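Chemist: Encoded as structure tokens, here's the structure I'll be asking about.
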Amino acid sequence: MAHVSFSPPYTPASDMAQQLRDCGYAVLQPRDTMAWIGCEQAELQALSSDWTELPLDDFLKDGGRYRRRRHACFIVDGAVVSQTPHRAHWQPVEYNALHGGMRRWFAPMRDVTVAAPVWGRLMRALAGLSQQVLATGPGRCFIEAHQFRIDTAGGIGRPTPEGAHRDGVDLVAVFLVGRQGVKGGETRIFEAAGPDGQRFTLSEPWSVMLLDDARMIHETTPIQPDDEQGGWRDTLVLTCRRGGFLEDVAQ
């Protein structure tokens, strides 16, 4: 059977905030991602090499060895972006039935990545969009950053082994950093309180899907090798939340 993929429903950067308010999601093609962040594509492409050296995720409950990742946390207060001391990633079981309730200590992001000028602009852009869309006004935003590589060395790689889910935050951004030698990896988003949904495949490096997490459920289908060489899919996932990180609020 031929593999079928659907093109993303791209929105211009000028319309993304309204699209998020109206529909709960927006998808930007690379040139609009750059316009939103205020950067050149080469600046983001320079970050991509960091994905070649991600350590294995040792917390997968399905026993898989297909996911590599790094993790870091940031607080954005106006124009000031501060990285927190390294901390565990935590979600309640209500949002992650597979890995919820675990304090997962992933390898920290590399200093050279966080120190890149474009990284600070990206953090401020996401915090500003969250405040604009949710009409929260000025205030601190708590951002978790996850670098993922899903590979097909074992035959199949699962970007979201927990299935369709929400993350318990305000805004989610999923950037496609790159993909090579794989098929699958279809993004599926659904209204949390309605019947409507979308399915599409992110294929352009530094395209991004933005979600109002309270309104949308999301998942990505497994990837399979497209040839004997196998392949991988790299993403940067950022979550933005008011009021603190999930673990701090739960305590």
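Chemist: Could you give the length gained on full extension between Arg140 and Ala164, defined as 0.36 nm per residue of separation minus the Cα-Cα distance, in nm?
Modeler: Working: separation 24, 0.36 × 24 = 8.64 nm, distance 2.85 nm.
Using 0.36 nm per residue and subtracting the Cα-Cα distance, I get 5.8 nm.
Chemist: For the charge dipole of the chain, defined by +1 on Lys and Arg C-beta atoms and -1 on Asp and Glu C-beta atoms about the Cα centroid, which residue among Ala193, Phe74, Pro225 has the Cα displaced farthest towards the positive pole?
Modeler: Phe74
Chemist: If I require 30 Å or longer along the helix axis, counting alpha carbons, and a Kyte-Doolittle average no lower than 1.0, what helices from the chain are left? Use full DSSP H segments. Can you show the working numbers first?
Modeler: Values: long enough: none.
Both cut-offs are met by no helix.
Chemist: When the chain is treated as a GNM, springs tying every alpha-carbon pair under 10 Å, which of Arg179, Arg233, Arg110 comes out with the largest mean-square fluctuation?
Modeler: Arg110
Chemist: For region 19-98, which chymotrypsin sites (Phe, Trp or Tyr not before Pro) pass both filters: DSSP loop (anything but H, G, I, E, B) and at most 16 other C-beta atoms within 10 Å?
Modeler: Here the sparse-neighbourhood loop sites are Phe59, Tyr95.
Chemist: While we're on this one: Give the distance, in whole Å, between the Cα centre of region 219-234 and the Cα centre of region 44-80.
Modeler: After rounding, the separation between the Cα centres reads 18 Å.
Chemist: In nm, to one decimal, how far is the Arg31 label point from the Gln229 one, both placed 7 Å along Cα→Cβ?
Modeler: 2.9 nm
Chemist: Right, next: Which of Cys73, Cys240, Cys23 moves the most in a Gaussian network model of the chain with Cα springs under 10 Å?
Modeler: Cys23
Chemist: Work out from phi, with θ = phi - 60° and the Karplus expression 6.51 cos²θ - 1.76 cosθ + 1.60, the ³J(HN,Hα) of each residue of region 231-238, listed in order in whole Hz, and give x for Gly and Pro.
Modeler: Using θ = phi - 60°, the values come out as x, 7, 9, 10, 9, 10, 10, 10 Hz.
Chemist: Next up: Stretched out fully, how many nm does the piece from Glu191 to Gln41 gain, at 0.36 nm a residue minus the Cα gap?
Modeler: 50.8 nm
Chemist: Would you please state which residues of region 29-50 a label at Val112 would reach in this model, taking the label point 7 Å out along Cα→Cβ and a backbone N cut-off of under 14 Å?
Modeler: 46-50
Chemist: Follow-up. Taking the simple approach of a point 7 Å from Cα along Cα-to-Cβ for both Leu60 and Ala214, what is their distance in nm?
Modeler: Here the modelled spin labels are 3.4 nm apart.
Chemist: Let me ask something else. Evaluate E = 1/(1 + (r/R0)^6) for Ser49 and Arg121, where r is the Cβ-Cβ distance and R0 equals 22 Å; express this FRET efficiency to the nearest 0.05.
Modeler: Numbers: r = 19 Å, r/R0 = 0.86.
Once rounded, the FRET efficiency stands at 0.70.
Chemist: If you don't mind, there's one more thing I want to ask. For the chain, what are the per-bin percents of Cα-Cα distances with bins 10 Å wide, up to the bin holding the maximum?
Modeler: Histogram of Cα-Cα distances, whole percents per bin: 7, 32, 40, 19, 2, 0.
Chemist: Using a Gaussian network model of the chain whose springs link C-alpha atoms within less than 10 Å, name the residue from Gly197, Gly128, Gly185 with the highest mean-square fluctuation.
Modeler: In the Gaussian network model the winner is Gly197.
Laboratory data are not the source of any read-out in this text; all were calculated from the coordinates shown. Everything quoted here is computed from the prediction, not taken from an experiment. Positions of Cβ are generated from backbone atoms using ideal geometry, with glycine treated the same way; all protein chains shown enter the neighbour counts.
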